[in-house]
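Trainee: Starting off with a structure, shown below.
Just so it is clear, none of the values below were taken in a lab; they were calculated from the coordinates. Just so it is clear, the structure is predicted and the values come from calculations on it, not from any experiment. Cβ sites come from the backbone with ideal geometry, for glycine too, and all protein chains shown count toward neighbours.
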Ligand code: NCD
Ligand code: ZN
């Protein structure tokens, strides 16, 4: 499906010119592009909005070597929509056996932009993740030395910990000690979902940053059970109480430079979502920028939108800001419910809704 086919302009009575907002081209600092047919199906939506993406390495098998990352990057470039200049920034999936030299080699070669720390078993395809973060010290020390960021999925993996408390428990038991042990390490706390994690990021400003997804700004944990069980709103970390959603909206719209876009767009086939055991992941990528800008407008914070979308992340990673612009138009557009993937499909976050903002022109 083409990007324009996903969105239908809603006709309005007057031929009024839609107000627009033009910003520097943004980046997505947390994206699951997948592989094969899924990559082909979902990639155009990310490429239509974002100039660069931090590509998550949780494929099967995971991307743990420089060679595997190079090959994956090549497959992504091959799948790039015509005319797209999207840059894939690759990440290394850390395991118990990751070698510091492999990390440094890939970073110096310009293959790795960062490394991803999944606690073993924390989420989709995380079973090869790290079983003991303490044992990762030599890798983290090397990353600290070479200035390579570690991107952390911050959830406790002890099955006895209540699922809604897993982020909080991880932050107390693992993240704070990690930040204490590695004072020079750049850490991205991925997909922040609680008010307390927002505060943790703020307390470590400069060396810690946080990404926040579009869906965690829109839904709370009750949304997952609204009128019945809604599998397409189930992701990890799972959405929390309303007070947390409000705190996340405050964090992103406050103008705080420690927060930036990370959509965590995580498409799964409908059959994997609606089966007996629903996979974790929300396909938020197709409506991400429209959702973020809507949140900023609702919070009266449009002047802070460009920094969140297009500046804070690049500054944290030490990368240049993008050239060129994208324009968002304040005109209603209806989103199709699904994107086809071969014979199957993926359900779009906010699919079927009428969104107040539409994507406009990309320049440069
Ligand atoms: C992600 C996926 O499907 O790859 N799922 C999710 O719920 N976010 C993995 C992850 O980032 O946790
Ligand atoms: Zn993710």
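Trainee: Within the stretch 334-348, identify whether any single residue is in contact with a strand residue (DSSP E or B) (Cβ under 6 Å, 6 or more places away or on another chain) and surrounded by fewer than 14 Cβ atoms within 10 Å (Cβ to Cβ), and answer yes or no.
Mentor: The answer is no, given that none of the residues of the stretch 334-348 is in contact with a strand residue (DSSP E or B) (Cβ under 6 Å, 6 or more places away or on another chain) and surrounded by fewer than 14 Cβ atoms within 10 Å (Cβ to Cβ).
Trainee: Among (1) within 27 Å of residue 310 (Cβ to Cβ); (2) assigned to a loop (DSSP other than H, G, I, E, B); (3) under 20 Å from the mean Cα position of the chain (by Cα), there is one condition residue 62 misses while meeting the rest; what is its number?
Mentor: Checking residue 62 against (1) within 27 Å of residue 310 (Cβ to Cβ); (2) assigned to a loop (DSSP other than H, G, I, E, B); (3) under 20 Å from the mean Cα position of the chain (by Cα), the one that fails is (1).
Trainee: Given the criteria buried (at least 20 other Cβ atoms within 10 Å of the Cβ), on the phi < 0 side of the Ramachandran plot and free of Cβ contacts under 8 Å to residues at least 60 places away in the same chain, does residue 308 qualify?
Mentor: On the way: buried (at least 20 other Cβ atoms within 10 Å of the Cβ): yes; on the phi < 0 side of the Ramachandran plot: yes; free of Cβ contacts under 8 Å to residues at least 60 places away in the same chain: yes.
Considered against the rule, which asks whether it is buried (at least 20 other Cβ atoms within 10 Å of the Cβ), on the phi < 0 side of the Ramachandran plot and free of Cβ contacts under 8 Å to residues at least 60 places away in the same chain, residue 308 comes out as yes.
Trainee: Could you say which residue among 239, 266 is under 14 Å from the mean Cα position of the chain (by Cα) and closer than 30 Å to residue 44 by Cβ?
Mentor: Details: 239 fails: under 14 Å from the mean Cα position of the chain (by Cα).
None of the other options fit; the residue is 266.
Trainee: Check 301, 309, 266 and return the single one that is over 28 Å from residue 231 (Cβ atoms) and out of contact with any strand residue (DSSP E or B) (no Cβ under 7 Å at 6 or more places or on another chain). Explain how you work it out, then say what you get.
Mentor: Values: 309 fails: out of contact with any strand residue (DSSP E or B) (no Cβ under 7 Å at 6 or more places or on another chain); 266 fails: over 28 Å from residue 231 (Cβ atoms).
One residue alone meets the criteria, 301.
Trainee: Return the total of residues in the stretch 238-293 being under 23 Å from residue 166 (Cα atoms), within 16 Å of ligand 1 (Cβ to nearest atom) and in a loop (DSSP other than H, G, I, E, B).
Mentor: Final tally of qualifying residues: 17.
Trainee: So, one more: Would you confirm, using the coordinates I've provided, whether residue 137 is more than 16 Å from ligand 1 (Cβ to nearest atom) and in a strand (DSSP E or B)?
Mentor: Spelling it out, it is not the case that residue 137 is more than 16 Å from ligand 1 (Cβ to nearest atom) and in a strand (DSSP E or B).
Trainee: (1) out of contact with any helix residue (DSSP H, G or I) (no Cβ under 9 Å at 6 or more places or on another chain); (2) away from ligand 1 (no atom under 14 Å from the Cβ); (3) assigned to a helix (DSSP H, G or I): which one isn't true of residue 83, the others all being true?
Mentor: Among (1) out of contact with any helix residue (DSSP H, G or I) (no Cβ under 9 Å at 6 or more places or on another chain); (2) away from ligand 1 (no atom under 14 Å from the Cβ); (3) assigned to a helix (DSSP H, G or I), residue 83 violates only (3).
Trainee: State which residue pairs qualify: first residue in contact (Cβ under 8 Å) with a residue 40 or more places away in the chain and inside the stretch 279-296, second residue away from ligand 1 (no atom under 16 Å from the Cβ) and assigned to a loop (DSSP other than H, G, I, E, B) in any location, beta carbons under 7 Å apart, and separation of 6 or more residues or different chains.
Mentor: 287/350; 289/26; 290/357; 291/350; 293/357; 294/356; 294/357
Trainee: So is residue 113 away from ligand 1 (no atom under 16 Å from the Cβ), free of Cβ contacts under 8 Å to residues at least 24 places away in the same chain and not in a loop (DSSP other than H, G, I, E, B) or not? Talk me through it step by step, then tell me what you get.
Mentor: Numbers: away from ligand 1 (no atom under 16 Å from the Cβ): yes; free of Cβ contacts under 8 Å to residues at least 24 places away in the same chain: no; not in a loop (DSSP other than H, G, I, E, B): yes.
No; evaluated as a whole, the condition is false for this residue.
Trainee: Here's a follow-up. Restricting to the stretch 218-237, give me the number of residues that are free of Cβ contacts under 8 Å to residues at least 24 places away in the same chain and outside any loop (DSSP other than H, G, I, E, B).
Mentor: Quick first cut of the stretch 218-237, residues free of Cβ contacts under 8 Å to residues at least 24 places away in the same chain only: 222-230.
Then drop every residue that is not outside any loop (DSSP other than H, G, I, E, B), which leaves 222-225.
Selection size over the stretch 218-237: 4.
Trainee: Return the residue satisfying two criteria in turn: it lies in the stretch 22-39 and is in contact with a strand residue (DSSP E or B) (Cβ under 8 Å, 6 or more places away or on another chain) and within 20 Å of residue 345 (Cβ to Cβ), and of such residues it is farthest from ligand 1 (Cβ to nearest atom).
Mentor: Keep residues of the stretch 22-39 that are in contact with a strand residue (DSSP E or B) (Cβ under 8 Å, 6 or more places away or on another chain), which gives 22-33, 37-38.
Still in the running and within 20 Å of residue 345 (Cβ to Cβ): 31-33, 37-38.
Numbers: 31: 10, 32: 5, 33: 10, 37: 16, 38: 11 Å.
Per the criteria, the residue is 37.
Trainee: Within the bounds of the stretch 40-59, is there any residue that is over 18 Å from residue 265 (Cβ atoms) and within 16 Å of ligand 1 (Cβ to nearest atom)?
Mentor: Here is the first cut: in the stretch 40-59, the ones over 18 Å from residue 265 (Cβ atoms) are none.
Taking every residue of the stretch 40-59 in turn, none turns out to be over 18 Å from residue 265 (Cβ atoms) and within 16 Å of ligand 1 (Cβ to nearest atom).
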